[in-house]
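S.K.: Please see the structure below; I have some questions.
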Amino acid sequence: MGVHGMCWALLLVWEWNYARHYAADFKEIELKVPPLTQVFISATAFLFDNQALIGFGLVVFLAIDAAILYRLDHPSIRKVFRELWSGIVGGLPLMILLFSATGMNLPYLKVLANLSVPSVDEDEPSKEEFARLQGSWRLTNAERAGRPVAERATLDFQRAPGRGVQQFRWTHNGQTASGYPELDFRGKPKWITFIFTTGPDQAKRQRGIYKMAGGELILCLAPPDALGDDLPEEFATQDNDCVLYRFRRVEPGK
């Protein structure tokens, strides 16, 4: 019975401590989670909110387990039945723990599966193009379906500390997202892909065209994960679902 109790206690320690912190981290960084992860988050919340009830139930269950093991120890009962019962009672919490740990790590695995980090081995034209984007930009106006829309946004481009790769931070209408940009600037128009690793669109890619003119950064972006005919062909929004953004560079100290 002692081994059975340790297995169930290990499961509760995981759920009450580690799994709960996973859930808090997901909420803090606004990470969308798969359905399986959400099931374990809900279960963890229930277990944490009802610790006394769960603890009492575990004590009662282990008492019943002890009684059953005592009965199965009788010489008239085959040993295989005792081993079978012991395997079920001891293995079940470990199996739940395995599924819970997998479920809690699925969001991170999803991000890694969809994440394409730009190479640090950039050629000189790439370095020059990223250098032009480097810094902070503030939205001056936006357009959707050919009409002005009231939106607030800032966009920052910088190199990730210690990694040498470009990253961006986008604050849009009070929500913050970050990730890695990819540029295709050798054709006309120039293309940019925002690869989101955090925020409402985490693990998605938002593609569009960009240009820099007169101190402005102009972006025409399709909806996240849009492809083919849904991508912009010009800096216009009358006949598509794209949004046109005009940013002006924020000078340091302002």
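Coordinate-derived values only; no laboratory data. Keep in mind that this is a model prediction, so the values were computed, not measured. Backbone-built Cβ (ideal geometry, glycine too); neighbour counts: all protein chains shown.
S.K.: Give the long-range amide H neighbours of LYS204: residues separated by 5 or more places, or on another chain, with amide H under 5 Å away, using H modelled in the peptide plane at 1.01 Å from N.
M.R.: PHE196
S.K.: Once the mean 1/r over all distinct Cα pairs of the stretch 124-250 is inverted, what Kirkwood radius in angstroms do you read off? Each step should come with its number before you reach the end.
M.R.: Working: mean 1/r = 0.0677 Å⁻¹.
One decimal place: 14.8 Å for the Kirkwood radius.
S.K.: Would you mind checking which residues have amide H under 5 Å from THR237's amide H? H placed 1.01 Å from N; only 5 or more apart, or other chain.
M.R.: GLY146
S.K.: Ranked highest first by the average count of other Cβ atoms within 10 Å around their residues, in what order do 179-189, 238-248, 55-65 fall? Intermediate results must be reported in sequence, preceding the final value.
M.R.: Values: 179-189: 15.5, 238-248: 17.6, 55-65: 12.8.
Output ranking for 179-189, 238-248, 55-65: 238-248, 179-189, 55-65.
S.K.: Listed highest first by mean packing, meaning other Cβ atoms within 10 Å per residue, what order do 78-84, 152-158 come in? Each step should come with its number before you reach the end.
M.R.: Working: 78-84: 11.4, 152-158: 16.3.
By packing density, highest mean first, the sequence is 152-158, 78-84.
S.K.: Can you compute the helix-only [θ] at 222 nm over the chain? Use -39500 (n - 2.57) per DSSP H run of at least 4 residues, normalise by all residues, nearest 500 deg cm²/dmol. Spell out each step's value before the answer.
M.R.: Values: 6 runs with 104 residues, N = 254.
Using -39500 (n - 2.57) per qualifying helix, the result is -14000 deg cm²/dmol.
S.K.: Once each part is reduced to its C-alpha centroid, what is the distance from the stretch 141-204 to the stretch 125-139 in angstrom?
M.R.: Answer, in whole Å: 12.
S.K.: Okay, next question. What ranking do 67-74, 167-174 get when scored by the average of other Cβ atoms within 10 Å per residue, highest first?
M.R.: Working: 67-74: 12.4, 167-174: 15.9.
Result, highest mean Cβ count within 10 Å first: 167-174, 67-74.
S.K.: Work out from phi, with θ = phi - 60° and the Karplus expression 6.51 cos²θ - 1.76 cosθ + 1.60, the ³J(HN,Hα) of each residue of the stretch 203-213, listed in order in whole Hz, and give x for Gly and Pro.
M.R.: 6, 10, 10, 10, 10, x, 10, 8, 7, 10, 7
S.K.: How big, in percent, is the set of alpha carbon pairs in the chain lying more than 22 Å apart?
M.R.: 66 percent
S.K.: Can you tell which of TYR210, SER136, HIS74 lies farthest toward the positive end of the dipole of the chain, using +1 and -1 charges on the Cβ of basic and acidic side chains (Lys, Arg; Asp, Glu)?
M.R.: Farthest along the dipole direction, towards plus: HIS74.
S.K.: How high is the FRET efficiency from ASP49 to GLU151, r the C-beta distance, R0 35 Å, rounded to 0.05?
M.R.: Numbers: r = 39 Å, r/R0 = 1.11.
Efficiency computed from Cβ-Cβ geometry: 0.35.
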